[in-house]
Amino acid sequence: MRTVSTAPQVEIVVPVYNEETALEPCVRRLHRFLSDELPFSWRIVVADNASVDGTEQIGRRLAQELRDVAYLRLEQKGRGRALRTAWSASEAPVLAYMDVDLSTDLRALLPLVAPLLSGHSDVAIGSRLAHGARVVRGPKRELISRSYNAILHTVLRARFSDAQCGFKAVRADALARLLPDVQDQGWFFDTELLVLAQRRGLRIHEVPVDWVDDPDSRVDIVATAKTDLLGVWRLLLASPVVRFMSVGVGSTLAYALLFLLLSSGLALGAAAANLIALGTTAVANTAANRRWTFNIRGRAERLRQYALGVVVFALTLALTSGALAVLHGVDHAPARWLELTVLVLASLAATVTRYVALKSWVFARAARAAAATS
């Protein structure tokens, strides 16, 4: 890529693959618009991810002819890879990208980047589904887009309205905390970046856009949909709630086995067996949630967190002991399986309270600090 001595305030990446027809009119139109309308310093970077047509020659020529245009060549395909490489090499405080077809009206660019430059937001996205957007596209693309975003809202609890619009920007300092954890190198890159930003509490600004569908789109809809759904499944498994549930299932099984061993094998009373089994698994549960669910490492505040975990354990103990007392009040000599069933159900009932307590109380301070420095 051609070097430029002074870092711009905004760097706009245009990822391309075999776009020899669309590239030159796109870059020249974008260059004219930025020169006339954007009140910030800027640079355009054409990120060519392994084109095999005339895209490379056109991109290099444009970089020579036009001021503040650079060309970057990658030898591997993947839009996400192109964005990752270009953004990682940039020194601009705000990094943006747009699709080469320029389906989005360029007048939305200033509202997109201004909140990032001012520090009001961390990530900004163009949205075709937000109130005030005007979109022209066929019913098939409309259905696919709305269905995909509905899946994100239902499965991943996404609060942003449009993950797929090729018109986004991010502050460089926020990107530095997100990019190492984004795994996808293709079309799912956008969605993964946004989901991680939301999970870490970053501010996502949405701009309603005017958007006209490109009938010459090179996107393989079926292959992209399959990859995106696999990505959604991967992010679901990585969500704190699913991780907490996995830890909870393991803890419940361990608790049940330990309770049976103590109450039947060692002939301890149900209350004593419950206390020992619950106390043992509570320590392991706190340690597993600290590392696995909330991604907290190191010794900082570990004693405090374990102490608070004991308080959460006491609440669970009170609930299970109370359930056991009610059972024994109804039946003075209940079957062992019935005791275990009541205790497991009581423990499961305490799961929601335990998750809220761990997230908002036990690990809240450490999680915020980890997110801020990661």
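Derivation of every value follows stated rules applied to the coordinates shown; laboratory data play no part. Only a predicted model underlies this, so the values are computations on that prediction, with no experimental measurement involved. A quick note on method: Cβ atoms are made from the backbone with ideal geometry, for glycine too, and the neighbour counts reach across all protein chains shown.
Using Cα atoms only, what is the angle between the long axis of helix 139-155 and the major principal axis of the chain, expressed in degrees (0 to 90) to the nearest 10?
Once rounded, one gets 30 degrees.
Can you give the helix-only mean residue ellipticity at 222 nm for the chain, where every DSSP H stretch with n ≥ 4 adds -39500 (n - 2.57) and the sum goes over all residues, rounded to the nearest 500 deg cm²/dmol?
Result for the chain, helices only: -17000 deg cm²/dmol.
Whose amide H sits under 5 Å from the amide H of Glu19, counting only residues 5 or more places off or on another chain, with H placed in the peptide plane?
Answer set, sorted by chain and number: Thr55.
Please report the antiparallel percentage of the DSSP beta bridges confined to the range 10-237, to the nearest 5.
Taking every DSSP beta bridge with both residues in the range 10-237, the antiparallel ones total about 25 percent.
Could you give me the radius of gyration and the Dmax of the range 10-237, taking only the C-alpha atoms into account and expressing both in angstrom?
16.4, 48
Gain in length, His332 to Ala272, computed as 0.36 nm per residue apart minus the alpha-carbon separation, to one decimal in nm?
Length difference between fully extended and current span is 20.0 nm.
Express as a percent, rounded to the nearest 5, the fraction of DSSP beta bridges in the range 1-114 (both residues included) that run antiparallel.
Antiparallel bridges make up about 0 percent of those DSSP assigns within the range 1-114.
What residues qualify as long-range amide H neighbours of Val13, i.e. H under 5 Å apart, gap of 5 or more or another chain, H built at 1.01 Å from N?
Excluding prolines and chain starts, which carry no amide H, the hits are Val45, Ala96, Tyr97, Met98.
Cross-link partners among lysines for Lys140, C-alpha distance below 19 Å, same-chain residues fewer than 8 apart left out?
Lys226
Which trypsin sites (Lys or Arg not before Pro) does the range 37-113 hold that lie in a coil by DSSP with at most 13 other beta carbons within 10 Å?
Arg67
What's the extension gain from Asp53 to Arg137 if we count 0.36 nm per residue and subtract their Cα-Cα distance?
The span from Asp53 to Arg137 would gain 27.4 nm if fully extended.
Rounded to whole Å, give me the distance from the Cα center of the range 263-307 to that of the range 31-84.
So the separation of the two Cα centres works out to 54 Å.
Which angle between 0 and 90 degrees, to the nearest 10, do you get for helix 240-260 versus the longest principal axis of the chain when only C-alpha atoms count?
On a 0 to 90 degree scale, this one is about 20.
I'm a student and want to see the number: the projected area of the Cα convex hull of the range 158-310, averaged over all directions, in nm².
Over every viewing direction, the Cα hull of the range 158-310 projects on average to 13.5 nm².
Go ahead and collect, in residue order, the members of the range 23-53 whose backbone nitrogen is under 19 Å from a label point 7 Å along the Cα-Cβ direction of Arg107.
Backbone N within reach: 29-40.
Amide H of His205 versus every other amide H placed in the peptide plane: which residues, excluding those fewer than 5 positions away on the same chain, fall under 5 Å?
Counting only residues 5 or more places away or on other chains, the set is Asp122, Val123, Ala124, Ile125.
Once you have the Cα-Cα distance between Phe33 and Ser147, take 0.36 nm times their residue separation minus that, and quote the gain in nm to one decimal.
Full extension from Phe33 to Ser147 adds 37.7 nm.
Longest span of the chain, sites excluded, free of GluC sites (Glu not before Pro) in DSSP loop with at most 13 other C-beta atoms within 10 Å?
By the stated rule (loop sites, at most 13 other Cβ atoms within 10 Å), 92-374.
Can you list the HN-Hα couplings for the range 89-102, worked out from phi with the Karplus curve (6.51, -1.76, 1.60; θ = phi - 60°), rounded to whole Hz and with x for Gly and Pro?
The phi angles translate into 8, 8, 10, 6, x, 10, 10, 10, 8, 8, 6, 5, 6, 6 Hz.
Kirkwood hydrodynamic radius for the range 18-68: how many Å is it when counted over pairs of different Cα atoms?
Evaluated on the range 18-68, it is 11.5 Å.
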